[in-house]
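Participant: After the structure tokens below, expect a handful of questions from me.
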Ligand code: IMP
């Protein structure tokens, strides 16, 4: 029996989709546990590139059951589009299961998301506009609509009418706030519900049963630890719990089931949206990383902010997630960097610390303290084992491993499934 959580150890976009897809061929089930279509998990195989937003990244392995857990907020319209697109690329939708208790994102959630961002002006969060925050607000306020409600016209009608009435009152002062015809909306949602019905089930029960049968389960986090609603750089965070704890509440699996927590980090660091980012580069080096790493959002297309790897933030992520395995992605992006910097501490008000500050004000003042290492200045193309890596890239990896105290078991040297080194120490 093996239950492993895969989490982003930075601000998202660490390459989780690729790693989940890679391990997915050995997994019986791959499960998303939080977030929604704000995620963009990019998979590249057999010359094809595909971005998944809601469907778990195991869908292109024919024997893997892909579960959308109760903690996810599901945009049913987007999900149907995604099922169609994945089917065209050879995936079988029969592998999909959707939790009947997951909440849904409806068009008014996206309207609210966009209107609130506009109203925030300069202090906007930089959300993806996918309605994530408003859907979780309704969930916590106990007025949300769950997947099971799409199959019950009476319940759905009552809930949608109430939500539209409340939204109309709350946003009456907002210029150009869209109005929706409730009858049309309910009809369209019911149609979605009918199409999704074959996949809807009690996923917590399915997961318990699978666990007891000794199946291999991968829990796929979206976003990253520093975007966590509780542990991230609040308020510049997403509205869910991407950290490993969220994998329990978002699936119904108990904490005692999880044996392995695999953190994913890039060999450098990126962030989309607003909020502090101590190692951000505003110079040519940052631009070089952005271009070589194709650092543009896979959901919104926005250019990502780029900077050096930050071990203060990674140590914090390792602690709050209980990380006992580490994957480093996009190592090849640093191939042409004559010097590589690693942030090992922050200087805040003249005092050096390696503790990630929980205060946003302190983090905004943090000046990175760097260790500089020589780059390897050669291509990592085609390297398929640790012992073939250039010595200087190994020095870089060993330094990170030692500082974090977490074993690096996977190194990714390119976007394709094949461009991955799995250390001998890796246990499926
Ligand atoms: P939301 O999740 O759309 O509400 O956006 C909140 C913050 O999380 C914004 O800074 C987004 O840019 C960021 N964010 C949301 N999803 C992702 C992701 O998949 N990768 C990276 N950043 C994300």
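Every number here is computed from the coordinates shown, using simple stated rules; none is lab data. From a predicted model like this one, the values you see are computed outputs, not experimental measurements. Here the Cβ positions follow ideal geometry from the backbone for every residue, glycine too, while neighbour counts run over all protein chains shown.
Participant: What does the highest-first list of 7-18, 252-263, 60-71 look like by mean Cβ count within 10 Å?
Facilitator: Numbers: 7-18: 27.2, 252-263: 18.4, 60-71: 22.6.
Ranking the peptides 7-18, 252-263, 60-71 by packing returns 7-18, 60-71, 252-263.
Participant: What is the Cα centroid distance between the range 136-153 and the range 15-64, reported in whole angstrom?
Facilitator: Spelled out, the Cα-based centre of one part sits 26 Å from the other.
Participant: Still on this structure, I have one more. I'm checking a number: the convex hull volume of the Cα atoms of the range 205-270, normalised per residue, in Å³. What is it? Intermediate results must be reported in sequence, preceding the final value.
Facilitator: Values: hull volume 6.2 nm³, N = 66.
Per-residue hull volume (Cα only) is 94 Å³.
Participant: Something else now. Over its Cα atoms, what ratio of radius of gyration to 2.2 N^0.38 Å does the chain give?
Facilitator: Details: Rg = 21.5 Å, N = 428, 2.2 N^0.38 = 22.0 Å.
That ratio works out to 0.98.
Participant: So, one more: What's the angle, to the nearest 10 degrees (0 to 90), between helix 107-120's Cα axis and the longest principal axis of the chain?
Facilitator: Compared with the principal axis, the helix lies near 50 degrees.
Participant: Specify the angular offset, from 0 to 90 degrees and rounded to the nearest 10, of the alpha carbon long axis of helix 153-170 from the longest principal axis of the alpha carbons in the chain.
Facilitator: Result, in degrees: 70.
Participant: Please give the Cα centre distance for the range 341-368 versus the range 203-261, rounded to the nearest Å.
Facilitator: Centre-to-centre distance over Cα atoms comes out at 28 Å.
Participant: If each residue's Cβ is checked for other Cβ atoms within 10 Å, how do 104, 312, 411 rank with the fewest at the top?
Facilitator: Numbers: 104 29, 312 23, 411 26.
With the fewest neighbours first, 104, 312, 411 line up as 312, 411, 104.
Participant: Something else: I'd like the distance separating the alpha-carbon centroids of the range 80-130 and the range 391-410, in whole Å.
Facilitator: Comparing the Cα centres of the range 80-130 and the range 391-410, I get a distance of 36 Å.
Participant: Find the eigenvalues of the gyration tensor of the Cα atoms of the range 222-377, then list the square roots of 5 times those eigenvalues as equivalent ellipsoid semi-axes, largest first, in whole angstrom.
Facilitator: Values: eigenvalues 132, 70, 53 Å².
The answer is 26, 19, 16 Å, longest axis first.
Participant: Pick from 151, 227, 206: which residue has the top mean-square fluctuation in a GNM of the chain where Cα pairs under 10 Å get a spring?
Facilitator: Looking only at 151, 227, 206, the largest GNM fluctuation is found for 206.
Participant: If a paramagnetic tag sat 7 Å from the Cα of residue 45 along the Cα-Cβ line, which residues of the range 64-103 would have the backbone N under 19 Å from that point?
Facilitator: 64-68, 82-97
Participant: Just to confirm the number: angle between the C-alpha axis of helix 391-404 and the first principal axis of the chain, 0 to 90 degrees, nearest 10?
Facilitator: The answer is roughly 60 degrees.
Participant: For the residue pair residue 197 and residue 416, what label-to-label distance in nm results when each label sits 7 Å from Cα along the Cα-to-beta-carbon direction?
Facilitator: 4.4
Participant: With the chain treated as a Gaussian network of Cα nodes joined by springs under 10 Å, which of 19, 229, 59 yields the largest mean-square fluctuation?
Facilitator: 229
Participant: So, one more: Run the quick spin-label model on residue 215 and residue 398: label points 7 Å from Cα toward the beta carbon, then report their separation in nm to one decimal.
Facilitator: Reported label-point gap for residue 215 and residue 398 is 4.3 nm.
Participant: Using a/c under 1.5 as the rounded threshold, could you call the range 103-198 rounded, prolate or oblate? The axes a ≥ b ≥ c are square roots of the C-alpha gyration tensor eigenvalues, and prolate needs a/b larger than b/c, oblate otherwise. Mind dumping the intermediate values first?
Facilitator: Values: a/c = 2.14, a/b = 1.71, b/c = 1.25.
Cα axes put the range 103-198 in the prolate bin.
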